[in-house]
1. Students often check this: by mean Cβ neighbours within 10 Å, which of 72-84, 175-187 ranks highest, and how do the rest follow?
2. Figure the gain on full extension for E60 and D169 (residue separation times 0.36 nm, minus the Cα-Cα span) and round it to one decimal in nm.
3. Once both labels are modelled 7 Å past Cα along the beta-carbon direction, what's the A130-R26 spacing in nm?
4. By how many nm would the segment from R148 to D162 lengthen if fully extended, with 0.36 nm per residue of separation less the alpha-carbon distance?
5. Name the shape class, rounded, prolate or oblate, that the alpha-carbon gyration tensor gives for the stretch 105-244, where a ≥ b ≥ c are the square roots of its eigenvalues, rounded holds for a/c under 1.5, and otherwise prolate holds if a/b is larger than b/c and oblate otherwise.
6. Work out how much length T50 to D111 would gain on full extension: take 0.36 nm times their residue separation and subtract the Cα-Cα distance, in nm to one decimal.
7. What is the calculated FRET efficiency for L191 to S229, with r their C-beta to C-beta distance and R₀ = 22 Å, to the nearest 0.05?
8. FRET efficiency for D122 and D67, Cβ-Cβ distance as r, R0 = 35 Å, nearest 0.05?
Amino acid sequence: MTVLREDFTLASEVPDRTDFPLPAPRRVSRLAVLGDSTAVGLGDPLPGGTWRGVGPLVAEALGIEPDGYLNASFTGARMRCVRTEQLPVALAHRPEVVLLIVGMNDTLRSDFDAEAIAADLDEVVTGLHAVGSVVIPVRFHDHGRVFRLPGALSRALRSRIDELNAVIDGVVAARGVPCLDLMALPGAYDLTAWSVDRLHPSELGHRMLAQGYADLLTQAGIEIRVPVSLECSGGATAGAVQHVGWLVVKGIPWLWRRGRDLLPYAARIMWRSYWENRPAPSR
């Protein structure tokens, strides 16, 4: 029996929504990577002394040809660097997808300015949107759980990262862009996901980032032509000598420079914590 609905449409005439095919995933041919040393690929060395990292892994997953791939990132980059130096290069490339990994260098500086970072990030996202790019920034994990710092520095860094993530969350919500949340990335705090310096992802860590990006791109309707594998292959393995060498040549000097720059902020954190938790005066 045919049922008459309240809007007087015959139920038998209502099309079954499952009959409508879903739109086919969209193939893309142009990818850009912007950001700092993680975007460069540090932590995932290749034989011969170059870096691979998340960019080439995502490019392979998307089937991007060499002339469609751009990595404009450089070590030490801050959000302002991306806006002033990397964004113009990316706009000329006219990418369909942009991976954006930047912000940690800002958290480690004494001139950290959340409002300025927000303005720079918003200009980067809106500029890329104007040329049709899908932009995916990252929000950051608690770096102190991976790279062990003295208590005051660790608390200061965590406070800064919270401020940075609040900035990123605000732009993401305002512009409606996807975002890769490193705090929610499975295995983000496993030491195997980090290189010897504990500052940059290992090959496995970069593959995890690439897999996270691929998942978000799939949700955005973009075709992933080759699934990202978490099985490490093709990279150069650092031995104990290289580990010690990095610690002496790079790690300790880096900790000294950045710790010294962050120390005044850490001192304020300690002072505020002392006054907030000091015992009440006896009467």
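No value in this document is a laboratory result; all are computed from the given coordinates. All values derive from a computational prediction rather than experimental measurement. Here the Cβ is made from the backbone with ideal geometry for all residues, glycine too, and neighbour counts use every protein chain on show.
1. 72-84, 175-187
2. On the way: separation 109, 0.36 × 109 = 39.24 nm, distance 2.86 nm.
Contour length minus Cα-Cα distance gives 36.4 nm.
3. 1.9
4. Details: separation 14, 0.36 × 14 = 5.04 nm, distance 1.75 nm.
In short, 3.3 nm is gained.
5. Details: a/c = 2.23, a/b = 1.10, b/c = 2.03.
Taking the square roots of the gyration eigenvalues as a ≥ b ≥ c, the stretch 105-244 is oblate.
6. Numbers: separation 61, 0.36 × 61 = 21.96 nm, distance 3.19 nm.
Length difference between fully extended and current span is 18.8 nm.
7. Values: r = 21 Å, r/R0 = 0.93.
The calculated FRET efficiency here is 0.60.
8. Values: r = 30 Å, r/R0 = 0.86.
Between D122 and D67 the formula returns 0.70.
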